[in-house]
Amino acid sequence: MTTPYDTRPWLRYYPAGVPAGADFPDAPLTSVLDDSAARYPRRTALVFLGRKVSYQDLAEQVDRFADALRGLGVHHGDRVATVLPNCPQAVIAFFGTLRRGAVIVQNNPLYTTAELHAQLADSGAKVVVVFDRAYETVAAALPGTNVEHVIVTSLTEYLPAAKRLALRLPLRQARAKRAELTADLPPDLDDYPLRFAEVMADARPRPIPVQINPARDLAALQYTGGTTGTPKGAMLTHANLLANAHQTAAWDPGYVPGQEVTLAVLPLFHVFGLTLGLTTTMLIGGTVVLVPKFDLDLVLAEIKDNRPTILPGVPPIYQQIAESPAAGSAHLDSIRTCVSGAMKLRRETVDSFRRATGAQVVQGYGMTETAPVLMANPLNGNARHVSVGVPMPGTMARIVSETDPSQVLEVGQAGELLVHGPQVFAGYWNQPRETAEVLSNGWLRTGDIAMMSPDGFFTLIDRKRDVVILDGLNVYPSEVEEVLNSHPGVKESAVIGVPDTRRGERVAAYVVLVPGLAPSRDELLRYCAERLAAYKVPSEITARDDLPHNMIGKVLRRVLRDEAAAQYSAY
């Protein structure tokens with residue numbers, strides 16, 4: 001029964017001539033910048049709060065940063081960490097690190113000291129580039145790591161001159177604070193901290209070339225929870241990330257080379273934002289409008305000023321834009337392509353965003369381990385709201401038994417999703433056992449439960465590890481959450497399994513209620529009972545002020561399970 005899954009359904013939904021997996025360019029990831037700089041040297045590559053950087057200038061600054069790393073003793077294969085929001089320095093450090101043949105390790109600036117320490121220590125990063133507001137956290141995270149140099153920058157460094165002048169006093173205060181923080185630094189760190197502007201000024205614009213093997217050389221260590229929730233570095237090669245940029249570009253047949261504008265509001269340190277917001281846009285010679293954080297007023301202003309055509313996002317971003325009273329004056333009609341990921345896209349969000357902008361939001365699917373895009377709905381009017389679409393060009397997928405991955409299931413049956421393609425990662429950093437558990441002959445076990453329609457569309461049901469098993473029956477949390485979220489008094493919900501000595505597990509639900517409409521526990525139980533089989537109805541429902549989310553807004557069921565486990569172990 002392998003044939004239905006080994007065919008390539010994307011051939012029906014993409015233009016003829018899309019490359020197969022073996023035909024993607026054999027080049028380093030920096031080629032997306034180099035080729036566009038050669039074709040469009042004067043075109044704007046980056047916009048940051050009014051400051052514009054051309055492709056020609058960006059390529060020169062990337063070369064300078066690569067040479068600066070050489071001066072700091074960074075060699076082929078060394079790791080360079082960044083702790084930066086979306087800003088020009090993040091793009092320069094990203095491509096400059098790759099130009100040097102080193103591996104980028106991007107970190108969330110909101111991480112705690114413990115979180116940063118864990119990833120710096122595990123990756124063995126030699127250099128850290130950090131913006132000043134996160135500097136104190138980085139300094140506290142350094143003991144026990146291999147970090148030799150820290151390069152500090154400020155978001156003000158790339159503001160237009162007029163805005164820098166307006167921020168002159170805060171900048172002086174930041175420098176004073178920086179001097180105060182460096183007073184007690186460890187004496188064994190040379191020239192610590194370094195200033196981004198200074199290392200760039202001292203570097204040469206023509207770095208010494210480094211030979212890159214795209215298929216073997218790592219471009220990024222992208223940390224993810226993987227299959228256990230413990231952060232691990234997903235090893236993404238140059239070939240992985242370059243292929244996914246080409247796949248994503250092929251998915252959008254309406255793009256015009258050298259003319260597109262992408263609003264990068266998703267963080268570039270997240271692989272979704274990296275590929276959709278940066279590398280794919282650079283591949284097609286587009287402009288990246290960098291937004292350092294999601295602020296609705298700022299986003300609407302950037303849309304009005306820069307007229308983006310592409311807006312990758314997550315459902316809360318689209319919903320807030322659509323609901324804003326200011327949306328009508330923001331000229332949202334420039335937006336053409338929107339792909340939503342990370343969490344379920346509700347029909348209400350699709351409809352409200354279309355009314356506000358005229359643009360269609362379609363749902364896609366990916367993983368950190370796949371650079372990240374695996375599937376997306378077509379942009380030719382054949383999108384299906386309940387589906388995550390069809391596989392990207394060059395990508396194959398199949399559904400197998402949850403207990404036996406060698407057993408391929410019939411089309412239409414639910415099972416674990418396996419994928420194969422040029423974007424599938426090389427494994428987990430220093431984690432051979434974890435790698436062997438998910439990778440076999442190039443096929444990746446996604447850990448997601450899905451089903452495939454006869455015409456090649458895939459629908460996700462839930463995460464395998466999130467499935468609740470009671471009395472031998474499977475309960476998929478997303479199914480229960482969908483019912484709870486449909487109640488007008490429920491703003492958000494999350495469902496997990498908690499231990500039960502008699503049934504194995506029982507269904508527990510956590511809800512955030514709408515003020516003024518808050519239903520009682522009994523009302524919600526009756527509502528569920530009318531719409532779900534009896535064994536799927538939660539045995540307990542707990543109201544909370546909020547739910548734990550990751551950096552792009554996805555509910556973290558793992559955190560709730562840990563909280564529940566701690567609670568039950570106390571009895």
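The values are calculated or read from the model by the stated rules, or taken from the named source; none is laboratory data. Computed from a prediction, not measured in an experiment: that's the story for all the values here. Here the Cβ positions follow ideal geometry from the backbone for every residue, glycine too, while neighbour counts run over all protein chains shown.
A few points about this structure:
- Matching strands (runs of 3 or more DSSP E) fully within region 70-141 where at least 1 residues are in contact with a helix residue (DSSP H, G or I) (Cβ under 6 Å, 6 or more places away or on another chain) and over 30 Å from Pro160 (Cβ atoms): 79-83, 103-107
- Flag for Ala414 being out of contact with any helix residue (DSSP H, G or I) (no Cβ under 6 Å at 6 or more places or on another chain), hydrophobic (A, V, I, L, M, F, W, C) and more than 15 Å from Pro315 (Cβ to Cβ): yes
- So Gln61, is it surrounded by 24 or more Cβ atoms within 10 Å (Cβ to Cβ), of a type outside the set (A, V, I, L, M, F, W, C) and not in a strand (DSSP E or B): no
- Tallying residues that are part of a helix (DSSP H, G or I), touching a residue at least 24 places away in the same chain (Cβ under 8 Å) and under 23 Å from the mean Cα position of the chain (by Cα) within region 523-560 yields 3.
- Every condition in (1) modelled with pLDDT under 90; (2) under 30 Å from Arg557 (Cα atoms) is met by Asp190 except one, and the failing one is (2).
- Selected residue (criterion: farthest from Val130 (Cα to Cα)) from residues of region 36-89 that are of a type in the set (Asp, Glu) and in contact (Cβ under 8 Å) with a residue 60 or more places away in the chain: Glu60
- The residue list Val555, Val537, Val514 contains one member that is surrounded by 16 or more Cβ atoms within 10 Å (Cβ to Cβ), touching a strand residue (DSSP E or B) at 6+ places or on another chain (Cβ under 6 Å) and outside the structural domain of Gln320 (by TED's automatic domain parsing), which is Val555.
- Near pairs, Cβ below 8 angstrom, 6+ apart or cross-chain, from region 235-253 (not assigned by TED's automatic domain parsing to the domain that holds Gly277) to any residue that is surrounded by fewer than 24 Cβ atoms within 10 Å (Cβ to Cβ) and part of a helix (DSSP H, G or I): none
- Long-range neighbours under 8 Å by Cβ, at least six apart or interchain, first residue within 19 Å of Ala564 (Cα to Cα) and among the β-branched types (Val, Ile, Thr) within region 497-522, second part of a loop (DSSP other than H, G, I, E, B) and modelled with pLDDT of 85 or more: Val507/Val537; Val507/Pro538; Val507/Ser539; Val511/Arg544; Val512/Arg544; Val512/Asp545; Val512/Asp546; Val512/Leu547
- Residue in region 283-296 that is more than 16 Å from the chain's Cα centre (by Cα), in contact (Cβ under 8 Å) with a residue 24 or more places away in the chain, assigned by TED's automatic domain parsing to the domain that holds Ala359 and in a helix (DSSP H, G or I) present: yes
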